[in-house]
1. Name the single residue, out of those in the stretch 280-308 being farther than 17 Å from Ile367 by Cα and either touching a Ser or Thr at 6+ places or on another chain (Cβ under 9 Å) or not small (Gly, Ala, Ser) (or both), that is surrounded by the most Cβ atoms within 10 Å (Cβ to Cβ).
2. Which residues, counting only those in the stretch 42-54, are in contact with a strand residue (DSSP E or B) (Cβ under 6 Å, 6 or more places away or on another chain) and charged (D, E, K, R)?
3. Return a yes/no flag: does the stretch 179-199 have any residue that is among the small types (Gly, Ala, Ser), touching a strand residue (DSSP E or B) at 6+ places or on another chain (Cβ under 8 Å) and over 17 Å from Ser256 (Cα atoms).
4. Looking at the stretch 101-119 only, could you name the residues that are in contact with a strand residue (DSSP E or B) (Cβ under 7 Å, 6 or more places away or on another chain) and either of a type in the set (Val, Ile, Thr) or assigned by TED's automatic domain parsing to the domain that holds Tyr257 (or both)?
5. Quick check: anything in the stretch 260-274 surrounded by fewer than 23 Cβ atoms within 10 Å (Cβ to Cβ), of a type outside the set (Lys, Arg) and in contact with a helix residue (DSSP H, G or I) (Cβ under 7 Å, 6 or more places away or on another chain)?
6. Condition first: out of contact with any helix residue (DSSP H, G or I) (no Cβ under 9 Å at 6 or more places or on another chain) and either surrounded by 20 or more Cβ atoms within 10 Å (Cβ to Cβ) or among the hydroxyl-bearing types (Ser, Thr, Tyr) (or both). Now tell me which residues in the stretch 120-130 satisfy that.
7. Is it true that some residue in the stretch 35-47 is touching a Lys or Arg at 6+ places or on another chain (Cβ under 9 Å), of a type outside the set (A, V, I, L, M, F, W, C) and under 27 Å from Tyr372 (Cβ atoms)?
Amino acid sequence: MCQVGAVTTIGEVVTLLSAGPSPQVSPVVLHRWSVEARETGTAKYLDPFAPGGEREWPYTRWTSPEREIGFAATELVPSWTAAAPPGAWLEIEIQARTATGALTKWYVMGRWAETDADIHRTSLPGQGDADGDVAVDTFVATRAVTAYRVRATLYGSGGAVRSLSVMASAVGQAGRGGPPGLRGVELDVPRRSQKVHAGHYPQWDGGGESWCSPASFTMVLGYWGRGPGPADLAWVAPGDPCPAVDHAARDMYDYSYQGTGNWPFGVAYAGRYGLDGFVTRLRSLAELERFIAAGIPVITSQSFREHELPGAGYSTGGHLMVVTGFTADGDVIANDPAAPDDDGVRRVYPRAAFESVWLRATGSGGIAHIVYPPGTPLPDSGGNW
């Protein structure tokens with residue numbers, strides 16, 4: 001399965017907490033940033049995954065003002081949508097302020113491009129110090145942090161940042177289960193199995209067991225009528241059951257992580273096709289229900305043993321699927337790409353079991369990927385979207 005510069009001003013677009021989360025659930029807040037000014041310069045970069053020497057790149061950089069989080073956070077996850085076609089690439093960094101008032105160094109949260117024409121998109125391991133570390137797509141604080149700055153540097157030409165978000169959270173106790181608030185609603189999301197791609201393109205982690213994220217994002221792109229066109233898919237081997245999944249795997253692949261499950265890379269891939277989006281944590285199925293009611297499917301991340309999620313038929317250390325609705329009894333309807341074929345992708349999972357494995361702190365802590373066309377009204381939020 002998927003395991004699974006100089007003076008700069010940035011305008012902030014943020015939904016404030018109208019009321020803090022209840023004492024029973026982990027605090028979460030999502031801040032969204034829009035660029036208003038820029039710094040330019042040049043810098044050298046050596047791609048560790050490609051032969052050849054250093055190359056000098058012109059760059060444009062945006063740096064946010066320091067943003068108070070509102071609580072002592074233990075994790076920060078950025079996400080973005082951007083244009084970075086051949087000739088351009090993007091680097092996202094975060095600097096935090098610890099609860100003691102000290103500033104951390106800048107941590108690189110990802111280097112991303114639409115293709116591999118110029119650099120290989122990658123997370124950066126080995127950044128750990130006394131303040132924290134980067135676990136693929138997440139800054140994990142050793143010492144809790146109360147504020148942060150984020151910066152985005154576009155290298156080359158032809159690129160643009162469309163959206164930039166940071167989710168801050170203190171992962172702890174999960175939300176309490178509650179009665180269903182939405183019953184008998186199911187969104188018509190295409191069904192795509194990852195398993196039918198077993199053995200495809202080992203240079204991008206080989207299909208079947210590993211492509212839950214590409215399959216899930218392909219399903220949601222299909223729901224919104226977006227995705228690569230025939231000319232973009234011409235390189236895929238003839239007879240492939242769904243070339244769009246192979247395309248997503250190639251262009252979501254993280255060369256350091258050696259997998260396709262990097263959370264913001266998935267959102268960035270969807271952004272190539274005109275969608276907006278972000279990674280956040282939801283605190284209950286009641287919050288997820290609001291998105292389904294608004295016509296927005298939700299990609300969730302969870303880990304579990306087979307017996308913990310009746311009907312799954314497998315265990316996983318990390319897996320993405322698409323929640324598409326709720327039955328008349330309030331159970332979860334999910335397009336689970338772990339099915340052996342497209343016909344078996346639709347699953348119904350018991351509400352309490354699904355909520356437990358998705359929300360628990362030893363799993364993803366309620367991670368959700370929300371991608372939608374710009375202008376689509378989002379449901380009311382408690383601050384985490």
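1. Taking the stretch 280-308 and keeping what is farther than 17 Å from Ile367 by Cα, we get 293-295, 305-308.
Pick out the ones that are also either touching a Ser or Thr at 6+ places or on another chain (Cβ under 9 Å) or not small (Gly, Ala, Ser) (or both) and you get 294-295, 305-308.
On the way: Ala294: 13, Gly295: 12, Arg305: 12, Glu306: 12, His307: 9, Glu308: 16.
For the stretch 280-308, the residue satisfying everything is Glu308.
2. Lys44, Glu54
3. Step one: filter the stretch 179-199 for residues among the small types (Gly, Ala, Ser), giving 181, 184, 193, 198-199.
The next check asks that each one be touching a strand residue (DSSP E or B) at 6+ places or on another chain (Cβ under 8 Å); those that pass are 184.
Among the residues that remain, those that are also over 17 Å from Ser256 (Cα atoms) are: 184.
Yes, that holds for at least one residue.
4. If the condition is that a residue be in contact with a strand residue (DSSP E or B) (Cβ under 7 Å, 6 or more places away or on another chain) and either of a type in the set (Val, Ile, Thr) or assigned by TED's automatic domain parsing to the domain that holds Tyr257 (or both), then Thr104, Val108, Ile119 are the ones that fit.
5. yes
6. The answer is Thr122, and nothing else.
7. Applying the first criterion (touching a Lys or Arg at 6+ places or on another chain (Cβ under 9 Å)) to the stretch 35-47 yields 38-41, 44-47.
Checking which are of a type outside the set (A, V, I, L, M, F, W, C) leaves us with 38-41, 44-45, 47.
The next check asks that each one be under 27 Å from Tyr372 (Cβ atoms); those that pass are none.
There is no residue in the stretch 35-47 that is touching a Lys or Arg at 6+ places or on another chain (Cβ under 9 Å), of a type outside the set (A, V, I, L, M, F, W, C) and under 27 Å from Tyr372 (Cβ atoms).
Each row is one residue, and each column tells you yes or no for (1) assigned to a strand (DSSP E or B); (2) assigned by TED's automatic domain parsing to the domain that holds Leu282; (3) modelled with pLDDT under 90; (4) touching a Ser or Thr at 6+ places or on another chain (Cβ under 6 Å).
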{"residue": "Cys2", "(1), (2), (3), (4)": "no, no, yes, yes"}
{"residue": "Gly5", "(1), (2), (3), (4)": "no, no, yes, no"}
{"residue": "Ala19", "(1), (2), (3), (4)": "no, no, yes, no"}
{"residue": "Ser22", "(1), (2), (3), (4)": "no, no, yes, no"}
{"residue": "Val25", "(1), (2), (3), (4)": "no, no, yes, no"}
{"residue": "His31", "(1), (2), (3), (4)": "yes, no, no, no"}
{"residue": "Ser34", "(1), (2), (3), (4)": "yes, no, yes, no"}
{"residue": "Ala43", "(1), (2), (3), (4)": "yes, no, no, no"}
{"residue": "Pro48", "(1), (2), (3), (4)": "no, no, no, no"}
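The values are calculated or read from the model by the stated rules, or taken from the named source; none is laboratory data. Remember, it's a predicted structure, so these values are computed and weren't measured experimentally. Neighbour counts are summed over all protein chains in view; Cβ atoms, including those assigned to glycine, are modelled from backbone coordinates with ideal geometry.
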